[in-house]
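I have placed the structure first, in the form of structure tokens, so that the comments after it can refer back to it.
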Amino acid sequence: MSYPPIPVLDPVCTLQVDLGPIREMGQGRGGLRRLVPIIGGTVEGPLLNGRILDLGADWQTVFSDGLAELDTRYAVQTHDGATIDIRNFGFRHGPAEVMQAMARGEQVSSDAYYMRTQARLETGDSRYDWVNRTLFVGSGSRQAGAVTVALFAIR
């Protein structure tokens, strides 16, 4: 049996996402609900550069087993003036003691937990039309007040 081509990951950029204070919403139907404002940040990489705009948020659900479901929407303004919408969905989980340390704001090694995302980007700017037809995956880490996501295009 022959298989289709194996996907290749091409580095696009690193998103350094600045976060506002977490707003705990309480227990929802599926788990603990939280809103995490996205208040800015930077975008640097071989294919995208610019800044993260002060709009958007991460609508999180934290389940009883500690799994955090990440559901973010925000926008980037590129260095040359295009606006790109980002919708990023993913999971963060790890050993209970690691997740508790992270919740206390302690610095935790990103290889001590799992944080992966799938992203869809969209723009009306023809210079970046390729993002409308590309799927992306990300590998992330959480710091106090920020998230870093290395974003890769799936080729």
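Every condition in (1) under 20 Å from Pro11 (Cα atoms); (2) in contact with a strand residue (DSSP E or B) (Cβ under 6 Å, 6 or more places away or on another chain); (3) surrounded by fewer than 20 Cβ atoms within 10 Å (Cβ to Cβ) holds for Arg127 except the one numbered (2).
If only residues of segment 36-84 that are crowded, with 16+ Cβ neighbours inside 10 Å and of a type in the set (Asp, Glu) are counted, the one that is nearest to Arg116 (Cα to Cα) is Glu69.
Among the residues of segment 135-152, is there at least one that is farther than 18 Å from Leu70 by Cβ and among the basic types (Lys, Arg)? Checked segment 135-152: no residue is farther than 18 Å from Leu70 by Cβ and among the basic types (Lys, Arg). In summary, Thr117 fulfils each of the numbered conditions (1) farther than 26 Å from Asp65 by Cβ; (2) surrounded by 15 or more Cβ atoms within 10 Å (Cβ to Cβ); (3) under 18 Å from the mean Cα position of the chain (by Cα); (4) without any contact (Cβ under 8 Å) to a residue 60 or more places away in the chain with the single exception of condition (1).
Residues in segment 40-91 that are charged (D, E, K, R) and in contact with a Ser or Thr (Cβ under 9 Å, 6 or more places away or on another chain) were compared, and the one that is nearest to Glu122 (Cα to Cα) is Asp85. Annotation: Ala146 fulfils all but one of (1) in contact with an Asp or Glu (Cβ under 6 Å, 6 or more places away or on another chain); (2) at pLDDT 95 or above; (3) not β-branched (Val, Ile, Thr); the unmet one is (2). Taken residue by residue, segment 131-148 has at least one member that is without any contact (Cβ under 8 Å) to a residue 12 or more places away in the chain, out of contact with any Gly (no Cβ under 7 Å at 6 or more places or on another chain), surrounded by fewer than 19 Cβ atoms within 10 Å (Cβ to Cβ) and farther than 15 Å from Thr14 by Cα. With respect to the conditions (1) under 17 Å from Phe136 (Cα atoms); (2) in contact with an Asp or Glu (Cβ under 7 Å, 6 or more places away or on another chain), Ala82 lacks only one, and its number is (1). Residues in segment 47-70 include at least one that is out of contact with any strand residue (DSSP E or B) (no Cβ under 7 Å at 6 or more places or on another chain) and of a type in the set (Ser, Thr, Tyr). Please indicate, with yes or no, whether at least one residue in segment 18-26 is in a strand (DSSP E or B), surrounded by 14 or more Cβ atoms within 10 Å (Cβ to Cβ) and modelled with pLDDT of 95 or more. Yes.
The values are calculated or read from the model by the stated rules, or taken from the named source; none is laboratory data. Worth saying up front: this structure is predicted, and the values here are computed from it rather than measured. Don't worry about glycine lacking a Cβ; one is built from the backbone with ideal geometry, like all the others, and counts go over all protein chains shown.
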